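What follows is a set of notes on a single structure, which appears directly below.
The values are calculated or read from the model by the stated rules, or taken from the named source; none is laboratory data. Computed from a predicted model, the values in this text were never measured in an experiment. Every residue, glycine as well, gets a Cβ built from its backbone with ideal geometry; the counts of neighbours run over all protein chains shown. Ligands, DNA and RNA are excluded from the accessible area calculation, which covers all protein heavy atoms including side chains. Shrake-Rupley method; radii C 1.70, N 1.55, O 1.52, S 1.80 Å.
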Amino acid sequence: MTKGLKKGLTSYGDPGFSLFLRKAFIKAMGYSDDALERPIIGITNTYSDYNPCHGNVPQLIEAVKRGVMLAGAMPMVFPTISIAESFSFPTSMYLRNLMAMDTEEMIRAQPMDAIVVIGGCDKTLPAQIMAAVSADLPTVVIPVGPMVVGHHKGEVLGACTDCRRMWGKFRAGEIDQAEIEAVNGRLAPSVGTCMVMGTASTMACITETLGLSLPMSATIPAPHSERIRSAELSGKRAAEMAVTGGPRPSELLTPAAFRNAQVVLQAIGGSTNGLIHLTAIANRTPYRIDLAAFDQLGREVPVLIDLKPSGAHYMEHFHHAGGVPKLM
């Protein structure tokens, strides 16, 4: 199998010239022959000034690159669309499939032996997984992680469930303008995805359940050093997978894996969007989500995670209790 810089050569009618030209131009970036002869790990960059959910992506990229190089491979970072839920007009759902196409085509168009995708906001992980399934390169997914909780008058607050609740109190006249402005600065005290069991947290848990990300990666809070160490380890794992050639998404996403994901979706009291995204992911494979079977699982699987919006707690509490491995 063709690997590294020799993969997917541009069509000039002369493969030797195509490789010669590719090396000539990439050397303008200062790369040595030693670097260019290594297995190549593509790393998506979904950072944007419009996207506070992905505010820690630059740190995670550096950690992934470190892990890749510690394992003897070559990291190559490239940009893709960045979707931020509250900044996308008229709704971010329009952008999910566009991001999937963008990510898939950039994976296909550029030489890489494995791919690390970094994302988190609601539509991002589904889009990236859809892309990874279609491209079918060895893939490691890194969720950016949930933000930490905020506090107001002795109460724990979190985006976005408490956003709606506190805004409702303001509209009802229970709190005044000064207090809602104070709350506005406390609902999202750090970068990262919403710290409740919304779509972002749901898809991070499903991603880990499907075996596409490292254990505990769904729940580590975005600002924690553990998140950066997990990213480094993800880079090392991607480099190993580049050498062995797998496992690829097509090997991991089996009917049993999709059933596991559906069970976890029920057990965490996950977002209703979780089923929409899981269906789209499955549609990139030979398998499909059986809605009648999903309905039956919903009648059999108990909700085990006491997180907002259906419960009382937040993602960092789930993490400290053992995360998805403990749940499973």
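Once the chain from GLU155 to MET101 is taken as fully extended at 0.36 nm per residue, the excess over their C-alpha distance is 15.2 nm. When the listed pairs LYS7/LYS27; LYS123/LYS236; LYS6/LYS236 are checked against a 20 Å cut-off, the alpha-carbon distance exceeds it for LYS123/LYS236; LYS6/LYS236. Amide hydrogen proximity for LEU307: with H placed 1.01 Å from N in the peptide plane, the residues at 5 or more positions away or on another chain lying under 5 Å are ALA312, HIS313. Given +1 at the Cβ of Lys and Arg, -1 at the Cβ of Asp and Glu and no other charges, the dipole of the range 1-125 around its Cα centre is 300 debye to the nearest 20. Charge dipole (Cα centre; +1 on Lys/Arg Cβ, -1 on Asp/Glu Cβ; no other charges) of the range 232-306 amounts to roughly 220 debye. Among beta bridges identified by DSSP and lying wholly in the range 112-197, the antiparallel ones come to about 35 percent. Once backbone amide H atoms are built at 1.01 Å from N, ILE43 has MET76, VAL77, PHE78, VAL116 as its partners under 5 Å, excluding neighbours fewer than 5 places away on the same chain. Counted by Cβ distance under 12 Å from SER18, the other residues give a net charge of +3, where Lys and Arg count +1 and Asp and Glu count -1.
Here the chain carries DSSP beta bridges of which approximately 15% are antiparallel, counting only pairs with both residues inside. The lysines whose alpha-carbon is closer than 23 Å to the alpha-carbon of LYS169, local same-chain residues fewer than 8 away aside, are LYS153, LYS308. Specify which residue in the list GLN177, HIS152, CYS163 is farthest towards the positive end of the charge dipole of the range 149-189, using unit charges on the beta carbon of Lys, Arg (+1) and Asp, Glu (-1), about the Cα centre. Comparing the listed Cα positions along the dipole, CYS163 ranks first.
The magnitude of the dipole of the chain, with charges of +1 and -1 set on the Cβ of Lys/Arg and Asp/Glu and taken from the Cα centre, is near 440 debye.
Estimated from helical segments only, the mean residue ellipticity of the chain at 222 nm is -14500 deg cm²/dmol, where each DSSP H run of four or more residues counts as -39500 (n - 2.57). Helix 291-300 sits at what angle to the longest principal axis of the chain, using alpha carbons and giving 0 to 90 degrees rounded to 10? The answer is roughly 50 degrees.
Provide the net charge surrounding LEU70, with neighbours chosen by a C-beta distance below 15 Å and charges set as Lys +1, Arg +1, Asp -1, Glu -1. With Lys, Arg at +1 and Asp, Glu at -1, the neighbours total +3. What separates the Cα centres of the range 1-52 and the range 137-157 is a distance of 33 Å. Label zone of LEU19 (point 7 Å out along Cα→Cβ, amide N under 18 Å): in the range 33-63 this covers 33-41. With the highest mean first, a sort of the peptides 137-145, 293-301 on other beta-carbon atoms found within 10 angstrom per residue produces 137-145, 293-301. Annotation: per residue accessible area for the chain equals 45 Å², rounded to a whole number [probe 1.4 Å, protein chains only]. Expressed as a whole percent, the accessible surface of the range 149-189 that belongs to carbon and sulfur atoms is 50, based on a 1.4 Å probe. Summing charges over all other residues whose Cβ lies under 13 Å from the Cβ of ARG248, with Lys and Arg as +1 and Asp and Glu as -1, gives -2.
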